[in-house]
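The values are calculated or read from the model by the stated rules, or taken from the named source; none is laboratory data. Just so it is clear, the structure is predicted and the values come from calculations on it, not from any experiment. Heads up, the Cβs are rebuilt from the backbone with ideal geometry, glycines too, and the neighbour counts pull from every protein chain shown. The accessibility values were calculated without ligands, DNA or RNA, using every heavy atom of the protein model including side chains. Shrake-Rupley method; radii C 1.70, N 1.55, O 1.52, S 1.80 Å.
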Amino acid sequence: MARTLRILAACFALFWGGTTQAHAEPVSTFFIAVGSAVTFGAASGATAAWIGALTVGAVVGGLALTMMITRPAIGQQGQTVPSVGADEPIGHVIGETIVPGHAVHRHSSGDDNEWFFESRALCMGPIEEIVEIRINDYALTFSSMTNSEDGFAPSELSEATLKANGLPKDLSEAIFFTVGLGGTSEPVDPMLLEWGNGDANSRHQPFAYINFRVNFEKFEGRMPKITVKLKGEKVYDPREVSHDEDDASTWEWSDNTALIRAWYVRQPWTFAAYAEEVDYDTVTAAANIDDELVLKQNGVTYEKRYRCGGLLKESDDRNSALAELTNACGGWYVEPKPTGKWQFFSGAYMSPVMDITGDDDVHDIGSGDYSPASRGARNRYTRIFGSFQDPAASYKANGYPDVLITQALAREHKGFADWLAANPSATQSQIRTQAESYRDLSLSLDFTFIQSPDQAQRVAHIRGMEAYYQKQWKGELGGIGLVVPAGQNVRLTDIRYSIEDLPMRVDLVRHEDQSTIVTLSETNSAIYAGPTIRESTAPVRPVLPRPGNPDYRDTPDGGGTLTLDEAV
């Protein structure tokens, strides 16, 4: 009799625990079911009963785990997601990109938990604009949505569109959104109030955010993929008379690399530079270069020369992040130590601003070869390949067409040089086919903030040509060293090294007690020569010309010109 009662009690524990606890906590249900099965087996005393009971327990546990995937647990209702909160390191969006955001609040409601609510911080605010909301990568603009007291909802879409994107037939009744651009003045979100969580709105105020409410039943028990395309930080533009360098409320959105680099070094979580510590004359000149319209590889359309976009986190190494931003424009920068100010330059040839001769003013220390692309390696890369952040692939990394550095390959292989000389009218296709016969030295160059394959090729061409022109000169200067401009170009003559009238960029200036030590690297207009430049469509602003002295010739001897079409 006692044995029979133990069996009945075990059965009751198995089925009561499985049907009730599975809805509340699936993982616990699995162990309850298995534990109940073991109890049943022990009570029956039969090996077969043990095996059968374990099987039943596993089935119940498996069903519970399935419920965990397709249903939010009741225990999450109205509660902050564990280990995710407003202090989560949320990034800063520069330019334009797509982000998934970080969940800061979740709960469920309704019969059988069919409604699921989630609030996500997208990035630090305030931002310029939320451009699109994507459901399973299908883009919805606000013009394609209706707005009601429930929030934004998708308008009716064709059955073919819904099916192709894995969306339910009644999508307009299956999901609702509310959004905010961030900032301390952000009002309380109505969806948070509706769900009785208005106090959670304070978690949003620093961030741009999205709230959404999903009907699980209409999505067949699965959570759709939600991402957001947005335009991020507003930056100071010294060319805009309405902008105040110390009043961020006057700034505007831009994806100009020079403006974003200047903005970056002023952030308290990077270099915390004051406005007066940034040389905005160089920023203006670099921004003008970035805004130039250049012909794309298709030979028909134009794009701005240098843009950038992506996500910056406060935990990023600041020097690495600034280097990646600088790489987006094929440029360079000067830290404030030698000049007292941050100076920024974009990838374009600048005419020399002064002459340095080795006859009178210079006590030489040495000279040699080096590669700016690899900082010290004596490699002469003949082919550059890598990835950029492709907007057509939701801003994920994608490969850009590799860039052939024809001059470098010709220098390394006499046979290829002879073929070029014998075929001066060869097409790019023929040149590339011929180049395949020769071993090349390739460099992988991935771009974190470039979002155009044409721009990626332009910058890859610059870095490859910098490696081609490798002369470096280091010297100790007398009085003239006090006025050598870091970051700018000079013209060097040093007959001891057969250097005559050679354009060099000033990489380093170090002032000592009785002299100035400078490091120069060879430059050339061919490094930056590329597609046809067209006048910028930007509004008329007070601008500065490119740095340099217009009295000097722009195309120095020894380099000629090289179009991007000849390099790729």
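Which one of the conditions (1) out of contact with any Ser or Thr (no Cβ under 9 Å at 6 or more places or on another chain); (2) open to solvent by 40 Å² or more (accessible area, probe 1.4 Å) does residue 454 fail to meet, given that it meets all the rest? Only one criterion in (1) out of contact with any Ser or Thr (no Cβ under 9 Å at 6 or more places or on another chain); (2) open to solvent by 40 Å² or more (accessible area, probe 1.4 Å) is unmet by residue 454, namely (2). Residues of segment 305-352 that are in contact with a Leu (Cβ under 8 Å, 6 or more places away or on another chain) and among the basic types (Lys, Arg): 305 alone.
Say we look at segment 463-488 and pick out the residues that are in contact with a strand residue (DSSP E or B) (Cβ under 6 Å, 6 or more places away or on another chain) and part of a helix (DSSP H, G or I); which of these is farthest from residue 444 (Cα to Cα)? Residue satisfying both the conditions and the ranking: 481.
Checking the structure you have, find out if any residue of segment 271-292 is part of a strand (DSSP E or B), among the aromatic types (Phe, Trp, Tyr) and over 19 Å from the mean Cα position of the chain (by Cα). No, segment 271-292 contains no residue that is part of a strand (DSSP E or B), among the aromatic types (Phe, Trp, Tyr) and over 19 Å from the mean Cα position of the chain (by Cα). List pairs: first residue in segment 508-537 and at pLDDT below 65, second residue in a strand (DSSP E or B) anywhere in the structure, Cβ distance under 6 angstrom, at least six positions apart or on different chains. These pairs meet every condition: 531/294; 531/295; 532/295; 533/294; 534/293; 534/302; 536/293.
For segment 233-249, indicate whether the set of residues that are touching a Cys at 6+ places or on another chain (Cβ under 9 Å) and either at negative phi or modelled with pLDDT under 95 (or both) is non-empty. Checked against the condition, which is being touching a Cys at 6+ places or on another chain (Cβ under 9 Å) and either at negative phi or modelled with pLDDT under 95 (or both), segment 233-249 yields at least one hit. Step by step: first the residues of segment 492-528, then only those that are hydroxyl-bearing (Ser, Thr, Tyr) and not in a helix (DSSP H, G or I), then the one that is nearest to residue 471 (Cα to Cα). Which residue is that? Residue satisfying both the conditions and the ranking: 521. Can you confirm whether segment 115-124 contains a residue that is of a type in the set (Phe, Trp, Tyr), at pLDDT 90 or above and out of contact with any Leu (no Cβ under 6 Å at 6 or more places or on another chain)? Looking for residues that are of a type in the set (Phe, Trp, Tyr), at pLDDT 90 or above and out of contact with any Leu (no Cβ under 6 Å at 6 or more places or on another chain), one finds none in segment 115-124, hence no.
Only a single criterion out of (1) open to solvent by 20 Å² or more (accessible area, probe 1.4 Å); (2) in contact (Cβ under 8 Å) with a residue 40 or more places away in the chain; (3) closer than 23 Å to residue 306 by Cβ; (4) among the basic types (Lys, Arg) is not satisfied by residue 396, namely (2). Within segment 234-251, residues that are touching a residue at least 12 places away in the same chain (Cβ under 8 Å) and over 22 Å from residue 290 (Cα atoms) reach partners that are of a type in the set (Gly, Ala, Ser) and outside any strand (DSSP E or B) with beta carbons closer than 6 Å, at six or more positions or on different chains, in the pairs 246/275. Among the residues of segment 143-161, those that are free of Cβ contacts under 8 Å to residues at least 24 places away in the same chain, in contact with a strand residue (DSSP E or B) (Cβ under 9 Å, 6 or more places away or on another chain) and either open to solvent by 70 Å² or more (accessible area, probe 1.4 Å) or not in a strand (DSSP E or B) (or both) comprise 144, 147, 155, 157, 161.
Of the strands (runs of 3 or more DSSP E) that lie entirely inside segment 340-431, those containing 1 or more residues that are at pLDDT 90 or above and not small (Gly, Ala, Ser) span 343-345, 383-390, 396-404.
The set of residues in segment 109-141 that are over 23 Å from the mean Cα position of the chain (by Cα) and among the polar types (S, T, N, Q) comprises 109, 113, 119. For segment 462-484, the set of residues classified as surrounded by 18 or more Cβ atoms within 10 Å (Cβ to Cβ) and within 37 Å of the chain's Cα centre (by Cα) consists of 462, 463, 464, 465, 466, 467, 468, 469, 470, 472, 473, 484, listed by residue number. Quick check on my filter: what residues within segment 280-317 are under 21 Å from residue 232 (Cα atoms) and charged (D, E, K, R)? Correct list: 290, 291, 303, 304, 305, 307, 313, 314, 316, 317. Within segment 99-123, the only residue that satisfies the criterion of being open to solvent by 40 Å² or more (accessible area, probe 1.4 Å), in contact (Cβ under 8 Å) with a residue 24 or more places away in the chain and either of a type in the set (A, V, I, L, M) or under 26 Å from residue 389 (Cβ atoms) (or both) is 100. Are any of the residues in segment 310-326 surrounded by 23 or more Cβ atoms within 10 Å (Cβ to Cβ) and either over 17 Å from residue 92 (Cβ atoms) or among the acidic types (Asp, Glu) (or both)? Within segment 310-326, none of the residues are surrounded by 23 or more Cβ atoms within 10 Å (Cβ to Cβ) and either over 17 Å from residue 92 (Cβ atoms) or among the acidic types (Asp, Glu) (or both).
Scanning segment 294-336 for residues that are among the β-branched types (Val, Ile, Thr) and more than 22 Å from residue 444 (Cα to Cα) yields 294, 300, 301, 334.
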